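Below: the structure, in structure tokens.
The values are calculated or read from the model by the stated rules, or taken from the named source; none is laboratory data. What you are looking at is a predicted structure, and each value in this text was computed from that prediction instead of being measured. Every residue, glycine as well, gets a Cβ built from its backbone with ideal geometry; the counts of neighbours run over all protein chains shown. Heads up: the accessible areas ignore ligands, DNA and RNA and are worked out on the full protein's heavy atoms, side chains in. Shrake-Rupley method; radii C 1.70, N 1.55, O 1.52, S 1.80 Å.
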Amino acid sequence: MRKTVTKLADGRELVYYDPDGFEVRDATDLRTPEPAAVRPELRLDPVLGDWVTVAAHRQGRPYQPPAGDCPLCPSRRGRSTEIPAADYNVVVFENRFPSLSTQGAGRAPDSRSPLFRAEPGTGRCEVVCFTSDHDASFAGLSESRAALVLDAWIDRTTELAALPDVRQVYCFENRGAEIGVTLSHPHGQIYAYPFLTPRTGKMIARAAEYRGRTGRNLAEDLLAAERLDRRRLVLTGTHWTAFVPFAARWPYEVHLYPHRRVPDLPALGPAERAELPPIYLELLRRFDRLFDTPAGVDATDGGGGPTPSAPTPYIAAWHQAPRYGGEELSLHLELFTIRRAANKFKFLAGVESGQDAFVNDVLPEAAARRLREVAS
Ligand SMILES: [Zn+2]
């Protein structure tokens, strides 16, 4: 992998990831820098104890621009985008509309009560473009390109975790307008948080409780139990296993674990790294096929019939141990879709949004069976 670090006109960092021996990256950003009004702040919810990021400047970001105005396509004569080069393989840059920022992070507002605790939104948000092809998708990438994206995730995790104040690094992809994606160009994001996210904090507490009670590691025991049970297994490799979790919250949800417990992507060994791209691509391709045929679990229900042309919206979330305090955690992927049938979506309504108590309409064992049926 060849890495080229550059700066955009407004000072944001942009990094090209290319195969070894690839061309020199020396294109410059010809745009006039616009002043960034970045003042994210963190507020502590006094009732739940969770940090909430307030980033009012994000209201102005582009929403579903036409393909000709895509800011993630390469720059062409007369039209400069976020990527100055005329083409690229994988590129990462600092988000122009970040929820967290190392530059100009908001000052904590003055507060008259200790209940109103706030901090500057220090951290970093990056965009990862998987390909220069506007109409592609991650599932359609070659194995070598997926491996280059993995190289980028590993490099970014290492670099961002080394920044002052960063507590955890989160790589993820939102796919599909139904999920709320504002740009359709294939891309993911990376958040470097200055705090422990509520979900990671909860995972740490559960793993610590399990260790205290049994003397064992929760992730290792869970993986072993799913492999023994087999009913929810989706895919097994030499170094990785994917399964639908016993208490899945989403209609189709898959967790992918390495067999050897490691804290994060940079800790993967060469064999684990080599096997990940084909397995990850296979999982995404199965997600795209979930609702393609009339044999779908619930595809004929609802009268509208399957809509094969609409790609499955999904969220791919890489859980990595934080910089400290996460010794019991295991690197893993949580991949899920909000689509529960060809033309039906799972919305987070009263019980989920109001109480954080999920109701799943699809039996996890049936979801796993369907995910095995649509294997390549
Ligand atoms: Zn594009």
Calculated FRET value between Q103 and A225, using beta carbons and R₀ = 41 Å, to 0.05:
0.35
Accessible area expressed per residue, the stretch 1-53, with surrounding protein chains retained (probe 1.4 Å, Å²):
63
Between R117 and E23, how high is the FRET efficiency from 1/(1 + (r/R0)^6) when r is the Cβ-Cβ distance and R₀ = 35 Å? Nearest 0.05.
0.10
Obtain the nm distance between the two label points defined at R76 and L348 by a simple spin-label model: each point lies 7 Å from its Cα along the Cα-to-C-beta direction.
3.7
Given a 1.4 Å probe and every protein chain left where it sits, what share in percent of the accessible area of the stretch 1-138 is carbon and sulfur?
50
With a 1.4 Å probe and every protein chain left in place, work out the accessible area per residue of the stretch 60-136 in Å², rounded to a whole number.
50
Full extension from A208 to A86: what is 0.36 nm times the residue separation minus their Cα-Cα distance, to one decimal in nm?
38.9 nm
Treating only the Cβ atoms of Lys and Arg (+1) and Asp and Glu (-1) as charged, compute the dipole magnitude of the stretch 5-114 about its Cα centre; round to the nearest 20 debye.
460
I'd like the FRET efficiency for R260 and R369, computed as 1/(1 + (r/R0)^6) with the beta carbon distance as r and R0 of 30 Å, rounded to 0.05.
0.60
For the chain, radius of gyration divided by Kirkwood radius, i.e. Rg to Rh on alpha-carbons
0.96
Please report the Cα spread of the stretch 71-182 along all three principal axes, rounded to whole Å, starting with the longest.
54, 32, 29
Residue separation between L163 and D135 times 0.36 nm, minus their alpha-carbon distance, gives in nm 6.7 nm
Label-point gap, in nm, between F358 and R39 - each point 7 angstrom along Cα→Cβ:
3.7
According to the square roots a ≥ b ≥ c of the eigenvalues of the Cα gyration tensor, what is the shape class of the stretch 150-278, taking rounded for a/c under 1.5, prolate for a/b larger than b/c otherwise, and oblate for the remainder?
rounded
Project the alpha carbons of the stretch 1-107 onto their principal axes and report the range along each, largest first, in whole Å.
53, 31, 22
Quick one: which residues, 5 or more positions from D87 or on another chain, have an amide H under 5 Å from its amide H? H modelled 1.01 Å from N in the peptide plane, none for Pro or chain starts.
none
In debye to the nearest 20, the charge dipole size for the chain, taken about the Cα centre with +1 at each Lys and Arg Cβ and -1 at each Asp and Glu Cβ, equals 520
Dipole of the chain, positive end: most advanced residue of A27, P65, I190 [Cβ charges, Cα centre]
I190
Where the stretch 228-298 is the region considered: accessible area per residue in Å², 1.4 Å probe
40
In debye to the nearest 20, the charge dipole size for the stretch 68-180, taken about the Cα centre with +1 at each Lys and Arg Cβ and -1 at each Asp and Glu Cβ, equals 420
Are there chymotrypsin sites (Phe, Trp or Tyr not before Pro) in the stretch 107-186 that DSSP marks as loop and that have at most 14 other Cβ atoms within 10 Å, and which are they?
F116
For the stretch 80-140, listing trypsin sites (Lys or Arg not before Pro) in a DSSP loop whose Cβ sees at most 15 other Cβ atoms within 10 Å gives R107, R112, R117
Options T102, V149, P120, ranked by Cα towards positive dipole end of the stretch 95-160, top entry (Cβ charges)
P120
